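Working notes, structure below.
Throughout, read-outs are computed from the coordinates displayed, never taken from laboratory work. All of these numbers come straight from a predicted model, not from anything done at the bench. We place every Cβ from the backbone using ideal geometry, glycine too, and count neighbours over all the protein chains shown.
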Amino acid sequence: MRKTILLIFILFSSKNILAQDSLSLIFTGDIMGHESQLLSAKKGRIEFDYKPCFQYIKPLLLEADLTIGNLEVTLPGRKPYTGFMPVPIFRSPDAYADALKDAGFDILFNANNHANDGMRRGVRHTIDKLDQLQIHHSGTFKNKKEREDKYPLIVEKSGFTLAFLNYTFVGTNGIPTIKPSVINKSDTNQIKIDIEKTKRIKPDFIIAFLHWGKEHSLEISAKQKEQTAFLLKNGVDMIVGMHPHVVQPIEIIEYQTSKHLIAYSLGNFISNHTMPNADGGIMLKVLLKKDSNQKVEIAKAGYLPVWRYIEKKPKKSYFVIPIADYEQNPSNFPILNLTDDAALKSFAEIVRIRLNFPEWK
């Protein structure tokens, strides 16, 4: 059970006890499933265990009231399980979702370019598995009726009512959606309808979780800026982006009388990507607070850099390393050697230089 009382920092003030007027959120980057990750998690002929991947990051994920990620694999419920080769078709065993639940994930979004990798069965079984684990999810639906009934995703927590929107702005890699399944794709007319429906529900805060941008680009595209302006104009309070697999800027944008947080890409949470800047990412931590009029605003926001470590012996294994925790207490991470230490610090330095945004302290 998550702790209901936490120590938090409020902007320009000393530490305070988290009350019912505050809610903490953690957003993670892309959760990938390459072949080597599958082989690493395999424990027997049919058994898989991904839980060790998250053993070092789990305490941080459990601290948040809500932990939210992008599930960039499908769960078909049966073999074959596949990764990037020979073609990028991500089909992972149910054990992956079990490990994410155990690590503390409360919400997973499915609308991305790999949403159809498991075909219709993958769409349906992914939804069933997340429902079984009581993980909130959105972005993919078994049929139009389910989308009508369950979209937007409304999550109530500690007196807050949050609305989540989820779309892929980059398609589904040319794999068609098999009816009656529905994948939320970029359609400005539909998105506008969805936002109007969301506002009628009167949530405290509307968050758009988007799959967008150019892969491996450190820069924000003109299309991302255009889509941001469209979403803010129509009433979205905050935007979190995925897909580029590298960390992109975080901005505070003033629109009308409000300030909006836009995190264009959080990079990778866990993957086997070996391209420059793709061996890690950031987690975005946000503290929401109600003012005297019960209006919800962002009281504090910051990032937490994470690095993907690959242990080569005795067997290739994957771990998500919280960089700040490692820097403060390296003895708690005995798996890392001097070479790993240098790679982690190099990644952290690049992220910190590029991001003109506070690190969470």
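Peptide packing for 254-263, 24-33 was compared via the average number of neighbouring C-beta atoms within 10 Å per residue; ordered from the highest value, the list is 24-33, 254-263. Within the shell of other residues whose beta carbon sits under 15 angstrom from the beta carbon of Glu359, the net charge comes to +3, with Lys and Arg scored +1 and Asp and Glu -1.
For the set Lys101/Lys145; Lys142/Lys179; Lys157/Lys285; Lys145/Lys179, the pairs lying more than 18 angstrom apart at their alpha carbons are Lys101/Lys145.
If I require 18 Å or longer along the helix axis, counting alpha carbons, and a Kyte-Doolittle average no lower than -0.5, what helices from the chain are left? Use full DSSP H segments. For the chain, where a helix must reach 18 Å along its axis and average at least -0.5, the hits are 338-354. For the chain, the dipole from Cβ point charges (+1 on Lys and Arg, -1 on Asp and Glu) about the Cα centre works out to 780 debye, to the nearest 20. The alpha carbon centroids of segment 117-170 and segment 175-251 are separated by 15 Å. When you filter the GluC sites (Glu not before Pro) in segment 22-110 for DSSP loop state and at most 15 other Cβ atoms inside 10 Å of their Cβ, you are left with Glu47. Placing pseudo-labels 7 Å out from each Cα toward the beta carbon at Lys42 and Ile175 gives an inter-label distance of 2.0 nm. Here segment 311-361 and segment 21-82 have alpha carbon centers that stand 18 Å from each other. In whole percents, the pair-distance distribution calculated for segment 124-282 from its alpha-carbon pairs, binned every 10 Å from zero, is 10, 36, 39, 16, 1.
The Cβ shell under 10 Å around Glu72 holds other residues with a net charge of -2, Lys and Arg each +1, Asp and Glu each -1.
Ranked by the mean number of other Cβ atoms within 10 Å of their residues, highest first, the peptides 293-305, 327-339 come out as 293-305, 327-339.
For segment 251-361, the calculated P(r) over all alpha carbon pairs, in 10 Å bins from 0 to the bin holding the longest distance, is 12, 40, 27, 15, 6, 1 percent. Relative to the globular-protein estimate of 2.2 N^0.38 Å, the Cα radius of gyration of segment 25-354 stands at 0.95.
In terms of overall dimensions, the C-alpha atoms belonging to segment 228-296 reach 48, 24, 14 Å along their principal axes, ordered largest to smallest. For the chain, give the share of DSSP beta bridges that are antiparallel, in percent and rounded to the nearest 5; count only bridges with both residues there. Bridges in the chain that DSSP calls antiparallel: roughly 60 percent.
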